[in-house]
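The values are calculated or read from the model by the stated rules, or taken from the named source; none is laboratory data. All of these numbers come straight from a predicted model, not from anything done at the bench. For neighbour counting, all protein chains shown are included, and Cβ atoms are generated from backbone atoms with ideal geometry for every residue, glycine included.
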Amino acid sequence: MCKSYYNGSSEEIILEKATQDIKHTQLTAEAHLNKFIAFAQKYKAALAIYRLPNDSKLQILCDLSGGKYLDELNLEDLPSGFLLHPFQSGSNKIVHFDAEILAEILLDSDSDEKKDKDVVDWKKAPSEEIEEKIENINTQFDFKSLNNSQNIQSTLASDYLNMVEKGIQLIKREEFYKVVPSKVKNFEFNNDINLGQAFVNACEKYPNAFVNLTFSAKTGLWFGASPETLIEDKKGAYFKTMALAGTQEKSENSIAETTWTQKEIEEQAYVSRYIINCFKKIRLRDFDEIGPKTIQAGNLLHLKTTFKVHTESVNFPELGSVMLKLLHPTSAVCGMPKEPALDFITKEEKHNRSYFSGFMGPVHLDGLSHLFVNLRCCQINKQSVTFYAGAGITEDSKAEKEWEETEMKCKVLSDIIFRI
């Protein structure tokens, strides 16, 4: 219902109605998302809810079988669905959700013309029985049934600072040029997180990010808003990847007035050089390089360079699979050269990164595979939420500043999850 104004102007009434309509759309979307999430848990399905950058549509993908493990990844052989790939294979496995059910929810004021029942637009509809179960489910998501990750402790500032200092010393000894140590930060909660609301709020606050929520018995419950594309592969048309590095908090100045330190420029150059070296390994020389330029991801700024290959002109249809194997883990989440940086991370980090700094996204939907580095993410457990963050270390790094950067990155999602 729209609030009445006895003495208000017509402009005030119109503005109030528009505000109420937008809030109604958001609440409807939240309610539907929460139904899907509760359904997936109750019926042991695998679920991926995501919003591509700069899109107004929420995508819902459901695999009633609960998803399947993959021993190895060959992108071209995968059926349409959603992919989750860990930072390192081992205790965490590659998982694929089949696109058994597909739906869209439009997060746009135009959708106020629709009735509530039409908010969900089925692209690949379930059976009438399943649709009825989703629509009529009256239970809430049970956080108490999730795994309890009490063994994951928040990284102490002293431990992280020591790890950064050790990394800087190894860089000075030229054992590697860059390394990306990460940390975890745990928050306890009382089973009162509104997942649907958090997702809609993240979409509004971070329009340029890949907002995602995934759930399955195989992977647990993950939530994130990643600013970084790993690959975008349009069959028969193009392949894209990006170099993203350097982080600073958004100031009151315009993005065009942003200045970057030598350390941040150098860090971004390492990531770009890493991608170009991958192209050289497969003798690919015909590509477009766009950037670096400053981009905004929520209240943070980064440097980004985009690389684009026209796959039809270079006659390289399997480029997506080949580049995935070369790129991951990228120097933006691991370091450079890859092997010694990865060895440092394996030895020094006390936590398992799991799916943090791995990659995820839809594959072969409408001819497009769009995979994102899993950054700005958290895992929601039985009694706590575990946030993950890392920072790129070079010779000019200052340990205290890197700690502050990871704190900023954790805050991106914690503000959303806990409605700060």
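Only residues that are at pLDDT below 90 and in contact with an Asp or Glu (Cβ under 7 Å, 6 or more places away or on another chain): list them for the stretch 217-243, please. Lay out the reasoning, then the answer.
From the stretch 217-243, those at pLDDT below 90 are 235-236; that's our starting set.
Selection gives G236 alone.
Might you check whether a residue that is in the same structural domain as E264 (by TED's automatic domain parsing), among the polar types (S, T, N, Q) and either in a helix (DSSP H, G or I) or within 15 Å of T386 (Cβ to Cβ) (or both) occurs anywhere in the stretch 183-191?
Looking through the stretch 183-191, at least one residue is in the same structural domain as E264 (by TED's automatic domain parsing), among the polar types (S, T, N, Q) and either in a helix (DSSP H, G or I) or within 15 Å of T386 (Cβ to Cβ) (or both).
Regarding the stretch 163-174, can at least one residue be identified that is exposed (fewer than 15 other Cβ atoms within 10 Å of the Cβ), modelled with pLDDT under 95 and either in the same structural domain as D55 (by TED's automatic domain parsing) or not charged (D, E, K, R) (or both)?
No, every residue in the stretch 163-174 fails to be exposed (fewer than 15 other Cβ atoms within 10 Å of the Cβ), modelled with pLDDT under 95 and either in the same structural domain as D55 (by TED's automatic domain parsing) or not charged (D, E, K, R) (or both).
Mind listing just one residue for me: the one in the stretch 197-238 that is within 24 Å of L301 (Cα to Cα) and among the hydroxyl-bearing types (S, T, Y) and, of those, surrounded by the fewest Cβ atoms within 10 Å (Cβ to Cβ)?
So, considering only residues that are within 24 Å of L301 (Cα to Cα) and among the hydroxyl-bearing types (S, T, Y), the one surrounded by the fewest Cβ atoms within 10 Å (Cβ to Cβ) is T229.
Taking the condition of being modelled with pLDDT of 95 or more and either part of a loop (DSSP other than H, G, I, E, B) or in contact with a Phe, Trp or Tyr (Cβ under 8 Å, 6 or more places away or on another chain) (or both), how many residues in the stretch 305-321 meet it?
Within the stretch 305-321, residues that are modelled with pLDDT of 95 or more and either part of a loop (DSSP other than H, G, I, E, B) or in contact with a Phe, Trp or Tyr (Cβ under 8 Å, 6 or more places away or on another chain) (or both) number 3.
Against the conditions (1) modelled with pLDDT under 95; (2) surrounded by 20 or more Cβ atoms within 10 Å (Cβ to Cβ); (3) in a helix (DSSP H, G or I), where does I345 fall short? Just the number, please.
(1)
Just one of I275, I290 is among the β-branched types (V, I, T), in a helix (DSSP H, G or I) and in the same structural domain as F176 (by TED's automatic domain parsing); which is it? Before the answer, list the steps.
Numbers: I290 fails: in a helix (DSSP H, G or I).
Going through I275, I290 in turn, just one is among the β-branched types (V, I, T), in a helix (DSSP H, G or I) and in the same structural domain as F176 (by TED's automatic domain parsing): I275.
Does the stretch 369-392 hold any residues that are within 25 Å of I231 (Cβ to Cβ) and either modelled with pLDDT under 95 or in a loop (DSSP other than H, G, I, E, B) (or both), and which are they?
N374, L375, R376, A391, G392
Within the stretch 30-46, which residues are within 12 Å of D142 (Cβ to Cβ) and either crowded, with 23+ Cβ neighbours inside 10 Å or of a type in the set (D, E, K, R) (or both)?
Residues satisfying the conditions are A40, K42.
Quick check: is even one residue across the stretch 85-100 touching a helix residue (DSSP H, G or I) at 6+ places or on another chain (Cβ under 8 Å), hydrophobic (A, V, I, L, M, F, W, C) and farther than 18 Å from A217 by Cα?
No, because not a single residue in the stretch 85-100 is touching a helix residue (DSSP H, G or I) at 6+ places or on another chain (Cβ under 8 Å), hydrophobic (A, V, I, L, M, F, W, C) and farther than 18 Å from A217 by Cα.
For the subset of the stretch 121-162 comprising residues that are of a type in the set (S, T, N, Q), exposed (fewer than 13 other Cβ atoms within 10 Å of the Cβ) and in a helix (DSSP H, G or I), which member is modelled with the highest pLDDT?
S158
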